[in-house]
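**Student:** I have a structure I would like to understand better, so I am pasting it below and will then ask my questions one at a time.
The values are calculated or read from the model by the stated rules, or taken from the named source; none is laboratory data. The model shown is predicted, which means the values in this text are computed figures rather than measured ones. So basically every Cβ, Gly included, is an ideal-geometry build from the backbone, and we count neighbours across all protein chains shown.
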């Protein structure tokens, strides 16, 4: 079975390689849409009846990219303060931290600094961090500008994207952006 790919690297068909697995931990204040982003990505669905995550939830999804396949392990954390003590252990072995804020709630944006600091304390620079401004479907109530999000991401040396889990806006793009940026997935520059 070892020579199932025809023997040559990339010759005679695709190589059979173990599925690369990456742990993504979702962080952010309560009610910013962490669970909704995951639900939209997993099931292309939005549940308007909000139910707070209790502790930690886990889901897994395989993504098929142009030239490889990856399994994303999605860890959805509770935003409530009473669960904060659980979170460092989930950050510790993650490949990606997705820090979510609600664009209509400036406090949730300000609190991203603490979430990012928690990630840096546990993982240093050995983690991909993505700042996500969610709820763009409520732009008429926007309290945090796109530029503020971009500026923060630039200052912290992290990725940035805005989404709407409700409308499905940029959800697939977010996960594709993450997948192609994972360690070992980067396209080498020309």
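**Student:** Just to be sure, is residue 74 surrounded by fewer than 13 Cβ atoms within 10 Å (Cβ to Cβ) and in contact (Cβ under 8 Å) with a residue 40 or more places away in the chain?
**Tutor:** The answer is no for residue 74.
**Student:** Does residue 128 fit the bill of being buried (at least 19 other Cβ atoms within 10 Å of the Cβ), without any contact (Cβ under 8 Å) to a residue 60 or more places away in the chain and under 22 Å from residue 79 (Cα atoms)? It would help to see each step written out before you state the result.
**Tutor:** Values: buried (at least 19 other Cβ atoms within 10 Å of the Cβ): yes; without any contact (Cβ under 8 Å) to a residue 60 or more places away in the chain: yes; under 22 Å from residue 79 (Cα atoms): yes.
Spelling it out, residue 128 is indeed buried (at least 19 other Cβ atoms within 10 Å of the Cβ), without any contact (Cβ under 8 Å) to a residue 60 or more places away in the chain and under 22 Å from residue 79 (Cα atoms).
**Student:** Taking the stated definitions as given, is residue 133 under 19 Å from residue 170 (Cα atoms), in contact with a helix residue (DSSP H, G or I) (Cβ under 8 Å, 6 or more places away or on another chain), in a helix (DSSP H, G or I) and modelled with pLDDT of 95 or more?
**Tutor:** In short, no.
**Student:** Restricting the range 152-190 to residues that are in a helix (DSSP H, G or I), over 19 Å from residue 123 (Cα atoms) and out of contact with any strand residue (DSSP E or B) (no Cβ under 9 Å at 6 or more places or on another chain), which is modelled with the highest pLDDT?
**Tutor:** Selected residue: 172.
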